[in-house]
Amino acid sequence: MINSGDHSELKHHFASDNYAGICSEAWQAMAEANSGLASSYGDDRWTAQACEKIREVFEKDCEVFFVFNGTAANSLALASLCQSYHSIVCHEMAHIETDECGATEFFSNGTKVLLVPGENGKIDLDAVEHTITKRSDIHYPKARALSITQATELGTLYSLDELQAIGELARKYNLRVHMDGARFANAVASMNVAPKEITWQAGVDVLTFGGTKNGFAVGEAVVFFNKELANEFDYRCKQAGQLASKMRFLTAPWIGMLDSGAWLRNAAHANSCARLLANEIKKIPQVRIMFESQANSVFLEMAPEALEALRAKGWHFYTFIGSGGARFMCSWDTRVEEVARLVADIKASVA
Ligand SMILES: *Cc1c(COP(=O)(O)O)cnc(C)c1O
């Protein structure tokens, strides 16, 4: 049966977009691929077609690979941009720094990750420039890559102008650009741009294109716009245990999701639920919205007792940002009524 929408297991969830199940388009595509035999390890027609669809989406002849999760996608992509004596610059709240258990350093054999601050989860370009120019001697790792997240970990977006400025800086210092697009679909849906505009046209060399949080069962695509950098990436995936033998079940959903437009519909729905939540919260004076909600999350600051009261009512959310800050994350299957219930409970909790 396709996701029944029965939320009884976890009634009140705004914890993460990976709490949601598999959307019908992804499920259907897997079911359709589930007939008869197919060659293994990606040598099948679904995988070929999924790569082709992704090239169409980006209007670019790019190299595409599929892995099981975002941590592998990010760290293997970054490892392919650097030697072990290089460094990668990213925001101090970047997922590769805070939530991937050092996988980037591990898979790159020790490439150093250097952190820069920046408001709203976005790297400050002056800080980047300072970090990569403050030393040029042989005793310090040589800056080689810049990693940005779109949409960011704080639910904000780099604008087109900001992305172009990042690309320019990267070119100036000969840095390669990686984009963590675990929520890339949310960015595209929110910005109403062509995917190429915020990726290769802005100077992105490789994109981690998220599927899981968008409604897939599992799987992320690694998209190399700079094809030279994809050299031997297939070996990296295999060695890291990221080459699926029944690849068709990872790749068929990409065909279904991109063909049907569900990837953008799902993202737009999640974004609009977050927007609705933010707009309702603006009417509650005791609660502060910490960052502009531009994708599918809303970060709220309220009294600790209010958060406790919400938890006691069964609401799930993360509070790992700052003191008193709570992240409410919407997904493709968030219900508008559930947003309304949350707002009502927040109102009651702060009263
Ligand atoms: C969820 C997420 C990932 C991927 O995480 P996995 O659990 O490894 O799939 C990567 N980057 C960001 C910004 C994320 O939110």
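None of the figures in this text is laboratory data; all of them are computed from the coordinates on show. In this text, all values refer to a predicted model and were calculated from it rather than measured experimentally. For neighbour counting, all protein chains shown are included, and Cβ atoms are generated from backbone atoms with ideal geometry for every residue, glycine included.
Quick notes on this one:
- Among the listed pairs K112/K246; K196/K283; K142/K238; K60/K246; K122/K196, those whose Cα-Cα separation exceeds 30 Å are K112/K246; K196/K283.
- Counted charge near S40, where neighbours are those whose Cβ lies closer than 10 Å (Asp, Glu -1; Lys, Arg +1): 0
- Highest-fluctuation residue, A326, A26, A185 considered, GNM on the chain with Cα pairs under 10 Å: A326
- Size of charge dipole - the stretch 220-351 - debye, nearest 20, with Cβ of Lys, Arg +1 and Asp, Glu -1, no other charges: 140
- With the gyration tensor restricted to C-alpha atoms of the stretch 24-260, the semi-axes of the equivalent ellipsoid amount to 30, 19, 15 Å, longest first.
- Efficiency of FRET from Cβ geometry, A31 and S245, R₀ 22 Å, rounded to 0.05: 0.70
- Take the Cα of D161, go 7 Å toward its beta carbon, and none of the backbone nitrogen atoms of the stretch 280-314 fall under 17 Å from that spot.
- Protection proxy ranking of 136-148, 230-242, 247-259, 269-281, by the mean of other Cβ atoms within 10 Å over each peptide's residues and highest first, is 247-259, 269-281, 136-148, 230-242.
- Cβ charges +1 (Lys, Arg) and -1 (Asp, Glu), total dipole of the chain, debye: 160
- Taking Cβ separations below 4.7 Å as the criterion for a possible disulfide partner, the isolated cysteines in the chain are C23, C51, C62, C82, C90, C101, C237.
- Sum of side-chain charges, D259 neighbourhood, beta-carbon under 14 Å (Lys, Arg +1; Asp, Glu -1): -1
- Other residues with beta-carbon under 14 Å from the beta-carbon of G110 carry, at +1 per Lys or Arg and -1 per Asp or Glu, a net charge of +2.
- Positive-end residue of Q28, A252, V223, charge dipole of the chain with Cβ unit charges: Q28
- Of T152, S39, A187, farthest towards positive along the dipole that unit charges on Lys, Arg, Asp, Glu beta carbons give the stretch 24-260: S39
- Screening the chain for whole DSSP H helices of 27 Å or more along their axis (Cα) with average Kyte-Doolittle hydropathy at least -0.5 returns 262-281.
- Note on R55 and D137: with the Förster distance fixed at 30 Å, the Cβ-Cβ geometry gives a FRET efficiency of about 0.10.
- When shorter helices are ignored and each DSSP H run of at least 4 residues is given -39500 (n - 2.57), the per-residue value for the chain at 222 nm works out to -11500 deg cm²/dmol.
- Shape analysis of the stretch 138-243 places it in the oblate category; the axes a ≥ b ≥ c from the Cα gyration tensor give an a/c of at least 1.5, with a/b not above b/c.
- With R₀ fixed at 35 Å, the C-beta to C-beta distance from S260 to A15 puts the FRET efficiency at about 0.80.
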